[in-house]
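The values are calculated or read from the model by the stated rules, or taken from the named source; none is laboratory data. For clarity, every value in this text was computed on a predicted model and none was experimentally measured. Don't worry about glycine lacking a Cβ; one is built from the backbone with ideal geometry, like all the others, and counts go over all protein chains shown.
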Amino acid sequence: MRMWDYQPINLCWADVDPATHAFDTAAATTLVNSLPAPDPRNPEGWVVSVSQALGERFGVWTYGWAWGRDESDFGGGPVSEWCCLNDSVRGPQETAERTVRALVEWRAWLERIAARFDTLVLPAAPAEDRISAWEHAVPVLVTDVVAQTTAGDAWYAHAAQVLGWFLEREGVPADHAVELIYEAIGGRFESWVSPAESVVASVAERLAAGLADTGA
C-alpha cells in the first residue's frame with residue numbers, strides 16, 4: 001500500500017462524523033507505540049503503517065492525522081503537529097509522540113466542525129429563509145477552515161470538503177454538493193491568501209442560489 005491509499009481528501013461526513021466513530025487517546029497511543037520503529041530513510045513507510053493500523057482499529061476517519069498544513073499533493077490540511085515527512089519522522093519516541101499529537105489534533109478539529117454544524121442547522125422553513133441560512137453558514141465554515149489551515153497552500157481544497165460535509169449532513173447528495181461547491185468557489189480562493197469578506201459572501205450567495213434552484 002502507498003500513502004495515497006490513505007489520503008483524507010475523499011472522506012465524506014459519514015466517514016468522519018465523531019458522533020458515530022468512537023475514539024480513545026490512550027488506546028491510540030498504545031497502538032502507535034506497538035508499531036515497528038520508524039525508519040528515517042523511509043518516512044513514507046511510517047505514515048502507511050500508522051494509517052493502516054489506525055484505520056483498522058478506529059475507522060478511516062483517522063487518515064487525516066498526517067494532513068499537515070501546506071504538505072499535501074491535494075491541498076493544505078488542518079494539522080499543525082505534522083509537517084513534511086523528513087521533518088516529522090525522527091527517532092522512535094519523538095515520532096510516535098508527534099503522531100499521537102497529530103491524531104488528537106485531527107480528532108479535535110472534526111469535533112469542532114461537528115459542534116459548528118450543530119449551530120448552523122438549517123430551518124424547516126420557506127425557501128427564502130433557507131437561502132438566508134445557507135448564506136450565513138458558508139462564511140462561518142470558510143472562516144473556520146481559514147483559521148485552522150492558516151490559509152496556506154491550496155487551503156481551499158479542505159474548505160470545499162468541509163462545505164461538502166455540511167451539505168451532506170443537511171441531506172444534499174454528495175455528487176450534487178461537490179458540483180455546486182466548485183461552481184460557487186470558481187477560482188475565487190487563492191493559496192496563501194485569506195479571502196476578503198466580499199469574496200466569501202459572493203461564494204455563499206452563489207452556493208445558496210444553486211441550492212435554491214434544486215430545492216435544497
request  = Could you tell me which of the residues Ser49, Ser88 is over 24 Å from Val162 (Cα atoms) and touching a strand residue (DSSP E or B) at 6+ places or on another chain (Cβ under 8 Å)?
outcome  = Ser88
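Where in segment 1-90 are there helices (runs of 4 or more DSSP H), lying fully within it, with 2 or more residues that are small (Gly, Ala, Ser)?
On the way: elements: 13-16, 25-34, 43-58, 85-88.
Filter on segment 1-90 gives 25-34, 43-58.
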query = Do we have any residue at all in segment 187-194 that's modelled with pLDDT under 95, closer than 19 Å to Asn10 by Cα and under 19 Å from the mean Cα position of the chain (by Cα)?
reply = no
ask   = Given the residues Trp165, Trp106, which is the only one that is touching a residue at least 12 places away in the same chain (Cβ under 8 Å), crowded, with 22+ Cβ neighbours inside 10 Å and assigned by TED's automatic domain parsing to the domain that holds Val47?
value = Trp106
inquiry  = Here's a check for you: in segment 7-65, which residue that is modelled with pLDDT under 95 and of a type in the set (D, E, K, R) is nearest to His158 (Cα to Cα)?
reply    = Glu44
message = What pairs come out if I take residues in segment 141-152 that are assigned by TED's automatic domain parsing to the domain that holds Leu167 and pair them with residues that are charged (D, E, K, R) and surrounded by fewer than 17 Cβ atoms within 10 Å (Cβ to Cβ) whose C-beta lies under 7 Å away, six or more apart or interchain?
response = Leu141/Arg116; Asp144/Arg116
